[in-house]
Amino acid sequence: MTASFAAAPTPPELPETRRPADVPAKDFVYDYVKRLVVDLTLPPGHIVTEMDIAKVTGVSRTPVREAFLRLDAERLLQLLPRRGALVTTVTARQIRELHTTRLVLELHAVREIITQEIDISADLQKLIDEQQALMDAGSGYPAVVACDREFHNTIIRAVGNTELAHLYGSMGDRQQRTGVVAFSVQPGRAEMALGHHRQIAEALGRFDGATAEAAMREHLDRHSWDLERYLP
């Protein structure tokens, strides 16, 4: 099923929530709005106002304004004077560039796993089974993409390089958002990604570096270009 990400004709329904007493208002609102953006509850092209968020969170507009400023700096929102904030678009180029960066890091991790013969096959198979179960149950793409992310995080963490893990983790929000968009707009992409995961896991389980690297390149590089026809 494909989806359009033009501005929605009617405002999306925002889930109501309330701040826990021990969480600062500005942090609570920031986390809340960011999750709406990365999971596409607030779709690309939609304009959201401070009042919209204040109403469903029960906080004043000041922490909402601070959250909007932070998300503007992270390029998830674009502030519009006297109108609110525009949820930024996701383009095919953004996805390609993110995948290119991930590929560099993940290929390094694959080589280290092969060289050191680090066995993560059971962990990867568990995540593959979980991703399949989510898809079979018709779970939304945010949940499927979160499981997809954990598959790749497992490969990165296996190396034991904290700097590598930190750098990779810094892309997490963009990885979640672009993943949901890619799965939503390209027919069969979620199923294709799961098939790639199986190939990667099987090759790593055999410590077959050449096959694992080829499967990772197929997963993150070649199919990123296919999104040209679906996204700006």
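The values are calculated or read from the model by the stated rules, or taken from the named source; none is laboratory data. What you see is a predicted model; the values in this text were computed from it and never measured. When we count neighbours, we look across all protein chains shown, and the Cβ atoms used for this are built from the backbone with ideal geometry, even at glycine.
Just a yes or no: is a residue in the range 215-222 closer than 15 Å to V110 by Cα, among the small types (G, A, S) and either buried (at least 16 other Cβ atoms within 10 Å of the Cβ) or free of Cβ contacts under 8 Å to residues at least 12 places away in the same chain (or both)? First the steps, then the outcome.
Start the filter on the range 215-222 by keeping residues that are closer than 15 Å to V110 by Cα, which leaves 215-220.
Narrowing the set further to residues that are among the small types (G, A, S) leaves 215.
From what is left, the residues that are either buried (at least 16 other Cβ atoms within 10 Å of the Cβ) or free of Cβ contacts under 8 Å to residues at least 12 places away in the same chain (or both) are 215.
Looking for residues that are closer than 15 Å to V110 by Cα, among the small types (G, A, S) and either buried (at least 16 other Cβ atoms within 10 Å of the Cβ) or free of Cβ contacts under 8 Å to residues at least 12 places away in the same chain (or both), one finds at least one in the range 215-222, hence yes.
Please enumerate the residues belonging to the range 1-44 that are modelled with pLDDT under 90 and among the aromatic types (F, W, Y). Walk me through it before giving the result.
To start, the set of residues in the range 1-44 that are modelled with pLDDT under 90 comprises 1-13.
Passing the criteria: only F5.
In the list L98, L103, which residue meets the criterion of being under 19 Å from the mean Cα position of the chain (by Cα), at negative phi, crowded, with 16+ Cβ neighbours inside 10 Å and modelled with pLDDT of 95 or more? If you could, list the steps in order and put the result at the bottom.
On the way: L98 fails: modelled with pLDDT of 95 or more.
So the residue among L98, L103 that is under 19 Å from the mean Cα position of the chain (by Cα), at negative phi, crowded, with 16+ Cβ neighbours inside 10 Å and modelled with pLDDT of 95 or more is L103.
This table checks each residue for (1) closer than 30 Å to L69 by Cβ; (2) among the aromatic types (F, W, Y); (3) in contact with an Asp or Glu (Cβ under 7 Å, 6 or more places away or on another chain).
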residue: R93; (1), (2), (3): yes, no, no
residue: R96; (1), (2), (3): yes, no, no
residue: H99; (1), (2), (3): yes, no, yes
residue: A109; (1), (2), (3): no, no, no
residue: S121; (1), (2), (3): no, no, no
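Just one of A109, A122, A182 is surrounded by fewer than 20 Cβ atoms within 10 Å (Cβ to Cβ), aliphatic (A, V, I, L, M) and in a helix (DSSP H, G or I); which is it? Break it down stepwise before answering.
Numbers: A109 fails: surrounded by fewer than 20 Cβ atoms within 10 Å (Cβ to Cβ); A182 fails: surrounded by fewer than 20 Cβ atoms within 10 Å (Cβ to Cβ).
Step by step, each of A109, A122, A182 is checked, and only A122 is surrounded by fewer than 20 Cβ atoms within 10 Å (Cβ to Cβ), aliphatic (A, V, I, L, M) and in a helix (DSSP H, G or I).
On the given criteria, is Q199 crowded, with 18+ Cβ neighbours inside 10 Å and either in the same structural domain as V110 (by TED's automatic domain parsing) or more than 18 Å from the chain's Cα centre (by Cα) (or both)?
no
Those residues that are of a type in the set (G, A, S) and either surrounded by 18 or more Cβ atoms within 10 Å (Cβ to Cβ) or not in a loop (DSSP other than H, G, I, E, B) (or both), I need them from the range 167-179; list them, please.
Here is the first cut: in the range 167-179, the ones of a type in the set (G, A, S) are 169-170, 172, 179.
Within the range 167-179, G169, G172, G179 qualify.
Hey, does the range 118-125 have a residue that's touching a residue at least 60 places away in the same chain (Cβ under 8 Å) and not assigned by TED's automatic domain parsing to the domain that holds L204? Spell out how you get there, then give the answer.
Initial filter on the range 118-125 (touching a residue at least 60 places away in the same chain (Cβ under 8 Å)): 119-121, 124-125.
Now restrict to residues that are not assigned by TED's automatic domain parsing to the domain that holds L204: none.
No: zero hits.
Could you please find all residues in the range 137-166 being within 17 Å of M216 (Cβ to Cβ), under 11 Å from the mean Cα position of the chain (by Cα) and surrounded by fewer than 19 Cβ atoms within 10 Å (Cβ to Cβ)?
R149, E150
Taking R83 and the conditions (1) modelled with pLDDT of 95 or more; (2) more than 30 Å from E228 (Cβ to Cβ); (3) surrounded by fewer than 18 Cβ atoms within 10 Å (Cβ to Cβ), which numbered condition does it fall short on, given that it satisfies the others?
So the condition that R83 fails would be (1).
Kindly indicate whether any position in the range 202-216 is assigned to a helix (DSSP H, G or I) and among the aromatic types (F, W, Y). Full working, then the answer.
So in the range 202-216, the residues assigned to a helix (DSSP H, G or I) come out as 202-205, 209-216.
Now drop any that are not among the aromatic types (F, W, Y), which leaves none.
No, the conditions are met nowhere in the range 202-216.
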